[in-house]
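Peer 1: Provided herewith is a single structure, encoded as structure tokens, for subsequent inquiry.
The values are calculated or read from the model by the stated rules, or taken from the named source; none is laboratory data. Model, not experiment: these values are computed from the prediction. Using ideal geometry, Cβ is built from the backbone for each residue, glycine included, and neighbour counts are taken over all protein chains shown.
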Amino acid sequence: MRHLLVLLAAVSALAENPAATAARQWREAHERAILAEFIGLLSMPNLARDAPAIRRNADAIATLMAARGVATRLLEVPGAPPAVYGELLTPGAQRSIVFYAHYDGQPLDPKEWATEPWKPVLRTAPLDRDGRILQWPPEGPIDPEWRLYARSASDDKAPVIAIAAALDALRASRIAPRSNIKFLFEGEEEAGSAHLPDIIAANKELLRADAWLICDGPVHQSRRQQIVFGARGVTTVDITVYGPKRELHSGHYGNWAPNPAMMLARLLASMKDDDGRVLVKDFYQGIEPLTASERRAIAEAPPIDGDLKRELWLGCTEGSGETLTNLLNLPSLNVRGMASARIGLQASNVVPATAAATIDMRLVKGILPAQAVARLVAHVRSQGYFVVDHDPDAETRMAHPKVAKVVESEGGYRAVRTSMDLPISRLVLETAASARGPIVKLPTMGGSVPLYAIEDLLGSPTITVPIANHDNNQHAANENIRVQNLWDGIELMAALLAM
């Protein structure tokens, strides 16, 4: 009975937003055209470091937005991929809203993909549920449970297409935006957004707005629409420890020459206890407390941990029994990867010469990247290491029993959190609920987006309005979007555009 009441409430809410209703009706009549345009965009390689390819993406997005009547241009600063800017100005508008998304994708190894990452394929179900490939265009109706596989299918080209389709639907239904609408599609987010502050600083008046809607990330694991009011910051550190000058025969020198792989394993193990709590001194110092509204929102979020454990085959989780939703509001330390010599069939009988690991630290409001890095470096020193920020020479290595090179490998940025109680926050929540039914609202999402540049340079609040499915494999091989999530996203974007 409870589930039926929730469903009826959701259906009732969906009927309240004319823009979302118009978007659904328009989408139902144009599903193949929407997917065809999406497939075309996904077929374009989009690594930020590939300047010619990234410019082709920018030009393609500028063209598809201009076709919707959006006044479009590229915003450029030296050394950066172009950002695509567009605007729809409304006479007498009471507010300005920026819709942000990014069109670049995470780096990848094509060998890890089941199909080529920039040759999109439709599957009848997720890969791990034996989804079979469908030829395009498929016959018969489009099944909303199909998955479209390609790099950036969910992160983050889906919102670009959802916005474009929503604009088509609004224009066909003669529903005009009430606000001045601006768009910024970035081409460097997956490479750390190093130039986003420069782009914003060079175009402050153009990009100033009452709010930025960040169209990135997944919906709640319950499949309910979620609206998120902040994002964790991030900083990344590379650690290298040293053994002998060159690899040594493990029979001749094992048990004598220090093994850097073992040293690194011990060093990493010293950073967290068996329950996942970070042991770096002062790691949690300075966290800004959540407000009453934020604590209430977390308490009201649907429980998901049990379902996620089954989905991910997890026999246990970290955090002393705390829920995932609660833990997202704490900083984290994660070993992204580690390497030393070779494994498997390529393994040699050697004592390795070096061992290396990359660590990311997700930060919450109140902890700055420089603080987190300094605390980590202090921890490495506390484990008996002489710490350098460059490759050590022979004299340095021979003068110290243990030497570690610690380098911040990517420009970090701080966390940002917008109040849920602002008038614009309440308007976004009400609009999203009228389009998508009951909303899950959270103070912080687990991933990191460079919201600090928007807050620092423009003073604009940021609110995240994701559309991708939670199991989309973003940042990993076989990234995908569930078709129904794209359809839902079109309705959400239409409602927000008409807000």
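Peer 1: Go through region 335-376 and count every residue that is loosely packed, with under 15 Cβ neighbours inside 10 Å and not aliphatic (A, V, I, L, M).
Peer 2: The number of residues fulfilling the criteria is 7.
Peer 1: Give the residues of region 369-421 that are among the hydrophobic types (A, V, I, L, M, F, W, C) and in contact with a Pro (Cβ under 6 Å, 6 or more places away or on another chain), sorted by residue number.
Peer 2: From region 369-421, those among the hydrophobic types (A, V, I, L, M, F, W, C) are 370, 372-374, 376-378, 380, 386-388, 394, 398-399, 403-404, 406-407, 415-416, 420; that's our starting set.
Hit for region 369-421 is VAL403, nothing else.
Peer 1: Moving on. Tell me, please, whether a residue that is buried (at least 17 other Cβ atoms within 10 Å of the Cβ), touching a Lys or Arg at 6+ places or on another chain (Cβ under 7 Å) and not polar (S, T, N, Q) can be found in region 404-414.
Peer 2: No.
Peer 1: I would also like to ask the following. Looking at ASN180, is it in contact (Cβ under 8 Å) with a residue 40 or more places away in the chain, of a type outside the set (A, V, I, L, M), within 20 Å of LEU422 (Cβ to Cβ) and surrounded by fewer than 23 Cβ atoms within 10 Å (Cβ to Cβ)?
Peer 2: Values: in contact (Cβ under 8 Å) with a residue 40 or more places away in the chain: yes; of a type outside the set (A, V, I, L, M): yes; within 20 Å of LEU422 (Cβ to Cβ): yes; surrounded by fewer than 23 Cβ atoms within 10 Å (Cβ to Cβ): yes.
Answer is yes for this residue.
Peer 1: Right, here's the next one. In this structure, is ILE424 assigned by TED's automatic domain parsing to the domain that holds ARG132 and under 21 Å from the mean Cα position of the chain (by Cα)? So that I can check it myself, show each step before the final result.
Peer 2: Working: assigned by TED's automatic domain parsing to the domain that holds ARG132: yes; under 21 Å from the mean Cα position of the chain (by Cα): no.
So ILE424 does not fit the description; no.
Peer 1: Any residue at all in region 356-370 that's touching a Leu at 6+ places or on another chain (Cβ under 9 Å) and of a type in the set (S, T, N, Q)?
Peer 2: Among the residues of region 356-370, not one is touching a Leu at 6+ places or on another chain (Cβ under 9 Å) and of a type in the set (S, T, N, Q), which makes the answer no.
Peer 1: Shifting gears a bit: Only one residue in ILE439, ILE463 is in the same structural domain as ALA158 (by TED's automatic domain parsing) and more than 26 Å from LEU312 (Cβ to Cβ), so which one is that? Reasoning before the result, please.
Peer 2: Values: ILE439 fails: more than 26 Å from LEU312 (Cβ to Cβ).
Going through ILE439, ILE463 in turn, just one is in the same structural domain as ALA158 (by TED's automatic domain parsing) and more than 26 Å from LEU312 (Cβ to Cβ): ILE463.
Peer 1: Filter region 265-304 down to the residues that are in contact with a Ser or Thr (Cβ under 7 Å, 6 or more places away or on another chain) and crowded, with 16+ Cβ neighbours inside 10 Å and list them by number.
Peer 2: Across region 265-304, the qualifying residues are ILE298, ALA301, ILE304.
Peer 1: Among what's in region 307-323 and is without any contact (Cβ under 8 Å) to a residue 24 or more places away in the chain and hydrophobic (A, V, I, L, M, F, W, C), pick the residue that is surrounded by the fewest Cβ atoms within 10 Å (Cβ to Cβ).
Peer 2: Across region 307-323, the extreme among qualifying residues is TRP313.
Peer 1: Right, next: At least 1 residues that are closer than 17 Å to GLU189 by Cβ and in contact with a Pro (Cβ under 6 Å, 6 or more places away or on another chain) in each: list the strands (runs of 3 or more DSSP E) lying fully within region 16-109 that qualify. Don't jump to the end; show me each part of the working.
Peer 2: On the way: elements: 71-75, 83-88, 96-102.
Result: 71-75, 96-102.
Peer 1: If I go through region 436-456 residue by residue, how many of them are under 17 Å from GLU16 (Cα atoms) and assigned to a helix (DSSP H, G or I)? So that I can check it myself, show each step before the final result.
Peer 2: Restricting attention to region 436-456, the residues satisfying the condition of being under 17 Å from GLU16 (Cα atoms) are 436-439.
Then keep just the ones that are assigned to a helix (DSSP H, G or I); that gives 436.
Adding up the residues that qualify gives 1.
Peer 1: Hey, another quick one. Considering region 46-71 alone, what residues qualify as being crowded, with 17+ Cβ neighbours inside 10 Å and touching a residue at least 40 places away in the same chain (Cβ under 8 Å)?
Peer 2: ASN46, LEU47, ALA48, ILE54, ASN57, ALA58, ILE61, LEU64, MET65, ARG68, VAL70
Peer 1: Using beta carbons and a limit of 8 Å, which pairs, at least six apart or on different chains, have the first residue in region 133-162 and over 10 Å from ARG123 (Cα atoms) and in contact (Cβ under 8 Å) with a residue 40 or more places away in the chain and the second one of a type in the set (Lys, Arg) and in a helix (DSSP H, G or I)?
Peer 2: From residues that are over 10 Å from ARG123 (Cα atoms) and in contact (Cβ under 8 Å) with a residue 40 or more places away in the chain, the pairs are PRO137/ARG32; ILE142/ARG32.
Peer 1: Select from region 457-481 the residues that are more than 19 Å from LYS119 (Cβ to Cβ), assigned to a loop (DSSP other than H, G, I, E, B) and hydrophobic (A, V, I, L, M, F, W, C) and list them in ascending order.
Peer 2: Pass one, region 457-481, residues more than 19 Å from LYS119 (Cβ to Cβ): 457-471, 475.
Retained after the next criterion (residues that are assigned to a loop (DSSP other than H, G, I, E, B)): 459-461, 465-467, 469-471, 475.
VAL465, ILE467 - these are the residues of region 457-481 that are more than 19 Å from LYS119 (Cβ to Cβ), assigned to a loop (DSSP other than H, G, I, E, B) and hydrophobic (A, V, I, L, M, F, W, C).
Peer 1: Within region 416-458, can you find the residues that are small (Gly, Ala, Ser) and either at pLDDT 95 or above or farther than 30 Å from ALA191 by Cβ (or both)?
Peer 2: Residues of region 416-458 small (Gly, Ala, Ser): 419, 425, 432-435, 437, 446-448, 453.
Result: SER419, SER425, ALA432, ALA433, SER434, ALA435, GLY437.
Peer 1: Check whether at least one residue in region 485-494 is assigned to a helix (DSSP H, G or I) and among the polar types (S, T, N, Q), and report yes or no.
Peer 2: The first filter runs over region 485-494 and keeps only residues assigned to a helix (DSSP H, G or I), leaving 485-494.
With among the polar types (S, T, N, Q) added as a condition, the list becomes 485.
There is at least one residue in region 485-494 that is assigned to a helix (DSSP H, G or I) and among the polar types (S, T, N, Q).
Peer 1: When you scan region 314-349, how many residues do you find that are basic (Lys, Arg) and within 30 Å of ALA301 (Cα to Cα)? Break it down stepwise before answering.
Peer 2: Initially, region 314-349 is screened for residues basic (Lys, Arg), giving 336, 342.
Now narrow it down to the ones that are within 30 Å of ALA301 (Cα to Cα): 336.
Within region 314-349, residues that are basic (Lys, Arg) and within 30 Å of ALA301 (Cα to Cα) number 1.
Peer 1: Can you confirm whether GLU311 is farther than 20 Å from MET262 by Cα, at pLDDT 95 or above and acidic (Asp, Glu)?
Peer 2: Working: farther than 20 Å from MET262 by Cα: yes; at pLDDT 95 or above: no; acidic (Asp, Glu): yes.
So GLU311 fails the test.
Peer 1: Now a separate question. Does ILE227 count as assigned by TED's automatic domain parsing to the domain that holds ARG178, farther than 30 Å from ALA435 by Cα and crowded, with 18+ Cβ neighbours inside 10 Å?
Peer 2: Working: assigned by TED's automatic domain parsing to the domain that holds ARG178: yes; farther than 30 Å from ALA435 by Cα: no; crowded, with 18+ Cβ neighbours inside 10 Å: yes.
For ILE227, the condition - assigned by TED's automatic domain parsing to the domain that holds ARG178, farther than 30 Å from ALA435 by Cα and crowded, with 18+ Cβ neighbours inside 10 Å - is not met.
Peer 1: Answer yes or no: is there a residue in region 277-295 that is on the phi > 0 side of the Ramachandran plot and out of contact with any helix residue (DSSP H, G or I) (no Cβ under 9 Å at 6 or more places or on another chain). First the steps, then the outcome.
Peer 2: Going through region 277-295, the residues on the phi > 0 side of the Ramachandran plot turn out to be 282, 286.
When the remaining residues are screened for being out of contact with any helix residue (DSSP H, G or I) (no Cβ under 9 Å at 6 or more places or on another chain), the result is none.
No, because not a single residue in region 277-295 is on the phi > 0 side of the Ramachandran plot and out of contact with any helix residue (DSSP H, G or I) (no Cβ under 9 Å at 6 or more places or on another chain).
Peer 1: Looking only at region 389-406, decide whether some residue is under 22 Å from the mean Cα position of the chain (by Cα) and either of a type outside the set (Phe, Trp, Tyr) or not assigned by TED's automatic domain parsing to the domain that holds PRO159 (or both). So that I can check it myself, show each step before the final result.
Peer 2: First pass over region 389-406, keeping only residues under 22 Å from the mean Cα position of the chain (by Cα): none.
Scanning region 389-406, I find no residue that is under 22 Å from the mean Cα position of the chain (by Cα) and either of a type outside the set (Phe, Trp, Tyr) or not assigned by TED's automatic domain parsing to the domain that holds PRO159 (or both), so the answer is no.
Peer 1: Looking at (1) surrounded by fewer than 16 Cβ atoms within 10 Å (Cβ to Cβ); (2) modelled with pLDDT of 95 or more, which one does HIS102 not meet, given that it meets all the others?
Peer 2: Single failed check for HIS102: (1).
Peer 1: Can you pull out the residues in region 146-186 that are in a helix (DSSP H, G or I) and either of a type in the set (D, E, K, R) or over 20 Å from ALA20 (Cα atoms) (or both)?
Peer 2: Correct list: LYS157, ASP168, ARG171.
Peer 1: Name every residue in region 374-404 that is over 20 Å from TYR284 (Cβ atoms), β-branched (Val, Ile, Thr) and either touching a residue at least 60 places away in the same chain (Cβ under 8 Å) or in contact with a His (Cβ under 9 Å, 6 or more places away or on another chain) (or both), in order of residue number. I'd like the intermediate steps shown before the answer.
Peer 2: As a first pass, look at region 374-404 and keep what is over 20 Å from TYR284 (Cβ atoms): 384-404.
Those still in the list that are β-branched (Val, Ile, Thr) too: 387-388, 396, 403.
Selection gives VAL403 alone.
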